[in-house]
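Data first, discussion second: the structure below is written as structure tokens.
None of the figures in this text is laboratory data; all of them are computed from the coordinates on show. Bear in mind that the values here come from a model prediction, so they are computed numbers and not experimental data. Note that each Cβ is placed from the backbone with ideal geometry, even for glycine, and that neighbours are counted across all protein chains shown.
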Amino acid sequence: MKKLILTTLLLIGTGIAYAQESHYHKGLRSQEENAKYGGVASEPHFDGGGYYWSRARNVDDVAISKETPEDSLARVNEFKRLCRLAYDAYEEGNALNTVTYGDSALQKRYHTPDLYFFMAVSFEKLGSYDDANWAYHKAIDTGYPGAQKFYNDFKVRQKERKAEKRKTKRNKTEE
């Protein structure tokens, strides 16, 4: 009886460790490895253009390592749901909801390059230029195609906005 209990506990412990280890390493593999060995999300919003979701780095690894496999799967599914809502809001032109849902998705400790890009464009529409700058950099770092060009265009628009602001300020002081 003692052997049976010990064997059962060993199998359960191994299964939990394997599940936690597999979700833990999703963010540590390259996109090519995720495509080859699994880990590429299958929902329509996640497979276009080779995008993939992965665990964000520099998160609370202790909390993740203590997470049950069920909690881990629930967190991933909630991340995907929030991303869908953010993507739908972006397609509808609703910048506020894109940012709101996108930020909530990032709180789940996963990310996608397109999520950062959509948030960057939305932050810029909302006039939150520091946040837009951050999100553009994250989109570039995670490999969103064309993000560098959009970021360069953003910087040009920033210079134009600052010049216009100086001009307006100068005109007000002259009056």
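Listed peptides 122-135, 102-115 appear in the order 102-115, 122-135 once ranked by packing, highest mean of other Cβ atoms within 10 Å at the front. Taken about its Cα centre, the stretch 77-175 carries a charge dipole of about 420 debye when Lys and Arg each add +1 at the Cβ and Asp and Glu each add -1 at the Cβ.
Can you pull the percent of Cα pairs in the stretch 68-113 with separation above 16 Å? It would help to have the intermediate numbers written out before the result.
Numbers: 354 of 1035 pairs.
So the pairs more than 16 Å apart make up 34 percent of the total in the stretch 68-113.
Length available on full extension from Glu78 to Trp134: 0.36 nm per residue minus the Cα-Cα distance, which gives 17.8 nm.
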